[in-house]
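Below is one structure, written out as structure tokens; comments come after it.
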Amino acid sequence: MDNQHERSTSEDFGKREYSASYAFSQMADACIACAGCTASCPVTNADGEYVGPKLIGPAQHRFAFAEEDLEKTLKYCTNCKTCDRTCSAGVKVSTINMLTRGKYYDSHPHKVRDMMLSNHSLASHVFRSIPFGSKIANFTLKIARYCGILNMLGVTRNRKLPSYSADSFVDMLLDLDQTPKNKKVVLFQGCFIEHNAPKVGMAFVKVMEANGYEVLRDEKFVCCGSPLVSAGYIEKAWENSVINAKRILYWQRKKIPVVACCTSCSLMLKEEAGELFDDELLFQAGTNVYDAFEFLKKLKQNGELVSPSKKSEETLLYHVPCHLLSQGIGTPAKEILENEGGSKVKVLNTGCCGMAGSYGFQSETAKISLKIGEDLFNRINEEPEASVISDCATCRMQIEYGAKRKTLHPIEILADLYEKKEENPST
Ligand code: SF4
Ligand code: SF4
């Protein structure tokens, strides 16, 4: 991408001030106005009020700096990136949208609700620092919902915010007391695994242990920035991206890969941050990041993957998250679970689930969110006996709410097969 600004060197990385104009550059000018993106946009298809990616992205951008108010219906964009994947001209419409949203919030205040939903890690660290913090947090959320306080703040009354787990992932990992090994990976656990679903991170640890790896943690990692970008906190997302990239580059120098078990985290670390901030060092850091099953597939290709001794005959309905599709790595979880685990994996080609992080929790977008997910929910409920899997935490939340079906991360299915092997070492 051409840019009138100089890219970072290793010396000045993170020292320059963030400016939205870094990444706007000539992206919009590549648009040939074919409207293919608008035809594919799940929000345009679910809600007539949204003017769609062509108008909200490249077209609005051409006039953005001449207008006082940039927002219009941009608030309805979910950052699902379907438009980017559709565009034959290579326009990163979602990047334009998110930077425009950030520009809007440079001069407009955020709602308390937005601060709350997009700064999950900050609130979690506060609760974790006090005795019985997770219980207090869960109780507070329950009361706030029951009394209508959350609703007054703009959180839909119908949905329950995810509860905090009693132990954080890091606490559980420390308790595990792993044997040091020569082969190591760093898990970028992300906010949700750290505070709400440590079992997903522990499933990854089990799989890696069975493959002869030690899983390291890095306390200096911060939120990947995905929820911050969606809520318009672009400057904060830039700061987080720099902190994370410096750590990833540190691990890269040690030849230790960084792996994430959330497709929004892995996309942000691999390429979304680089695209947003047009920074070569962010892209370079991204080359040392893998999504969990992408890494397992690499092991398999190198002949290093240890097959689980147990096989499963389960049918798995697989909702592929939009942010995995955007990585362009196919569906490695399907390949591993079928070839190594024996499962029958049916990929559900029903598009975006509509959850998009906090989008499904916001009063003004909750209905659209469910409308987007309708095809997915109906498809899942055609097969009531099958198990449901998805690699993204918020997709899993949406399916559990919209289709009323328990949904697991595919790594939990795989870990279970290795776990069975450990239970019976003679096999
Ligand atoms: S952004 Fe791409 S898909 Fe959308 S109208 Fe422009 S060229 Fe077509
Ligand atoms: S990112 Fe998704 S919701 Fe936003 S304009 Fe593109 S396709 Fe539509």
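Throughout, read-outs are computed from the coordinates displayed, never taken from laboratory work. Every value quoted in this text rests on a predicted model; they were computed, and no experiment measured them. Every residue, glycine among them, receives a Cβ derived from its backbone with ideal geometry; neighbour counts consider all protein chains shown.
If you run the Gaussian network model on the chain, springs between alpha carbon atoms under 10 Å, then out of Gly201, Gly102, Gly342 the most flexible one is Gly342. The phi-based Karplus calculation (6.51 cos²θ - 1.76 cosθ + 1.60; θ = phi - 60°) puts the 3J(HN,Hα) values of the stretch 301-309 at 4, 8, x, 9, 7, 7, 6, x, 6 Hz, whole numbers, x for Gly and Pro. Per residue, the chain reaches -13000 deg cm²/dmol at 222 nm when only DSSP H runs of four or more residues are counted, each adding -39500 (n - 2.57). If both residues of a DSSP beta bridge must be in the chain, then about 5% of such bridges are antiparallel. In this label model, Lys346 and Lys254 are separated by 4.5 nm, measuring between points 7 Å along each Cα→Cβ vector.
Only sites in a loop by DSSP and with at most 14 other Cβ atoms within 10 Å count here; which chymotrypsin sites (Phe, Trp or Tyr not before Pro) in the stretch 313-420 make the cut? Of the chymotrypsin sites (Phe, Trp or Tyr not before Pro), not one in the loops of the stretch 313-420 has a Cβ with at most 14 other Cβ atoms within 10 Å. Rounded, prolate or oblate: pick one for the chain, where a ≥ b ≥ c are the square roots of the eigenvalues of its C-alpha gyration tensor, a/c under 1.5 means rounded, and failing that, prolate if a/b is larger than b/c, else oblate. Rounded, since a/c falls under 1.5. Phi-derived couplings, Karplus 6.51 cos²θ - 1.76 cosθ + 1.60 at θ = phi - 60°, listed residue by residue for the stretch 333-346: 5, 4, 4, 6, 5, 6, 6, 9, x, x, 6, 9, 10, 9 Hz, with x used for Gly and Pro.
If you take the Cα centroid of the stretch 201-229 and the Cα centroid of the stretch 252-321, the two points sit 11 Å apart.
Quick check on the stretch 315-423: take the gyration tensor over C-alpha atoms, sort the square-rooted eigenvalues as a ≥ b ≥ c, and tell me if it's rounded (a/c under 1.5), prolate or oblate. Prolate. Packing around the peptides 82-88, 194-200, taken as the average count of other Cβ atoms within 10 Å per residue, puts them in this order, highest first: 194-200, 82-88. Would you mind pulling out the separation of the Cα centroids of the stretch 403-417 and the stretch 105-152, in Å? Going from one Cα centre to the other spans 28 Å. Build a GNM of the chain with springs between Cα atoms under 10 Å apart, and of Gly303, Gly154, Gly402 the one that fluctuates most is Gly303. Once both labels are positioned 7 Å from their Cα atoms along Cα-to-Cβ, the gap between Lys142 and Arg62 label points is 5.6 nm. Can you tell which of Cys392, Cys31, Cys80 shows the greatest fluctuation in a Gaussian network model of the chain with Cα springs below 10 Å? With Cα springs under 10 Å in the chain, the top fluctuation among Cys392, Cys31, Cys80 is at Cys31.
Extending 7 Å from Cα along the Cβ direction at Val112 and again at Cys34 yields two label points whose distance is 4.8 nm. For the stretch 278-317, there are no residues whose amide N sits under 18 Å from a probe point set 7 Å from the Cα of Glu214 along the beta carbon direction. Shown in residue order for the stretch 102-118 are the 3J(HN,Hα) couplings computed by the Karplus curve 6.51 cos²θ - 1.76 cosθ + 1.60 at θ = phi - 60°: x, 4, 4, 7, 5, 10, 10, x, 7, 7, 4, 4, 5, 4, 5, 6, 9 Hz (x for Gly and Pro).
Once the Cα-Cα distance is subtracted from the 0.36 nm per residue extended length, the Asp167 to Ile243 segment shows a gain of 24.8 nm.
The Thr315 and Lys72 beta-carbon pair, evaluated with R₀ = 45 Å, returns a calculated FRET efficiency of approximately 0.55.
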